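A.B. asks: Okay, here's the structure, questions in a sec.
Read-outs: derived from the displayed coordinates by stated rules, not from any lab. Values in this document were obtained by computation on a predicted structure and should not be read as measured data. Positions of Cβ are backbone-derived with ideal geometry, glycine not excepted, and every protein chain shown enters the neighbour counts.
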Amino acid sequence: MFRLCALAIALVATPAFAANYTKINDKAEFVKLVQGKTLTRPLVKLQVSSAGSIKGRGAAWDVNGQWTWKNGYFCRNLNWGGMELGYNCQEVGLSNGKVRFTSDQGTGQSAEFKLR
């Protein structure tokens, strides 16, 4: 239960309206944005490869998964510390060097990451 609460705090971010973001519409644009970078936020560091893998750490546990680009959305499966987080297609936005992922094709919770 602690891990689930920690992940919720680490991955659930600000409301979607917190800043003006430019929507990333295609895979090539997304790959160019994240290639060679680490996505960071408190307690979370992730690498998203152009080959479709996701690796990193979240609140002291390993995070790994796979992603594809489908109909303008970043669609991923994630495992966090042995817990399957499931499949979700997310809207991706960019603003001032930060990338925001909004679950449920842009209608759900958002998580904002710095690109380092």
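A.B. asks: Using the Cβ atoms and a cut-off under 10 Å, what net charge is assigned to the surroundings of THR68, where Lys and Arg are +1 and Asp and Glu are -1? It would help to have the intermediate numbers written out before the result.
C.D. replies: Numbers: positive: LYS27, LYS70, ARG76; negative: none.
Residues close to THR68 contribute a combined charge of +3.
A.B. asks: Now for a different question. Karplus couplings for the range 102-113 from phi (6.51 cos²θ - 1.76 cosθ + 1.60, θ = phi - 60°), rounded to Hz, Gly and Pro as x?
C.D. replies: Taking θ as phi minus 60°, the curve returns 10, 5, 6, 6, x, 9, x, 5, 10, 9, 9, 10 Hz for the range 102-113.
A.B. asks: Still on this structure, I have one more. For a quick check: with amide H placed at 1.01 Å from N, whose amide H comes under 5 Å from LEU85's, ignoring anything fewer than 5 positions away on the same chain?
C.D. replies: LEU78, ASN79, TRP80
A.B. asks: Collect residues whose amide H, placed 1.01 Å from N in the peptide plane, falls under 5 Å from the amide H of GLY108; neighbours closer than 5 in sequence don't count.
C.D. replies: Long-range HN contacts for GLY108: SER103.
A.B. asks: Using a Förster distance of 30 Å, how high is the FRET efficiency between ASP62 and ASP104, based on the Cβ-Cβ distance and rounded to 0.05? Show your work: numbers first, answer last.
C.D. replies: Details: r = 25 Å, r/R0 = 0.83.
Calculated value: 0.75.
A.B. asks: Around GLU112, under 10 Å between beta carbons, what's the net of Lys plus Arg minus Asp minus Glu among the other residues?
C.D. replies: Details: positive: ARG41, LYS98, ARG100, LYS114; negative: none.
The answer is +4.
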